[in-house]
Amino acid sequence: MGWKKSGKPLTPSRYGRVILYTTLNKQEDWFTALVIKDLKESDSGDYTFTVKTGPAVTTVTRSLLVLSKQGQLY
């Protein structure tokens, strides 16, 4: 299982800007959280989580767009 940003594996760090948390709950469903502190424009992209259990593969992708302060809409 793991997270990728725009196809490249994410490397979590315990005290860094990117924190990854993944667990299996009591109903045997996967729960995962990706936390990015102090968002920057460079954090924009597609974030994909993939888990393989036996022959099954589950993949979920979400997109993130971080606008600069100059790009804010009023």
- Item | Complete set of residues in the range 31-60 that are of a type in the set (S, T, Y) and over 18 Å from P12 (Cα atoms) | T53, T58, T59
- Kindly list, by first and then second residue, each pair from a residue in the range 21-33 that is outside any strand (DSSP E or B) to a residue that is surrounded by 10 or more Cβ atoms within 10 Å (Cβ to Cβ), limited to pairs with Cβ atoms under 7 Å and residues at least 6 apart or on different chains. N25/F31
- Item | First in the range 45-60 and over 10 Å from G2 (Cβ atoms) and part of a strand (DSSP E or B), second anywhere and at pLDDT 90 or above and of a type in the set (A, V, I, L, M), Cβ under 7 Å, 6 or more apart | G45/L64; Y47/L64
- Go over the candidates L39, L24, L73 one by one and state the one that is aliphatic (A, V, I, L, M) and modelled with pLDDT of 80 or more. L39
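Yes or no: L67 surrounded by 10 or more Cβ atoms within 10 Å (Cβ to Cβ), of a type in the set (A, V, I, L, M, F, W, C) and not in a strand (DSSP E or B)?
yes
The values are calculated or read from the model by the stated rules, or taken from the named source; none is laboratory data. Everything quoted here is computed from the prediction, not taken from an experiment. No Cβ is skipped: glycine too gets one built from the backbone with ideal geometry, and neighbour counts run over all protein chains shown.
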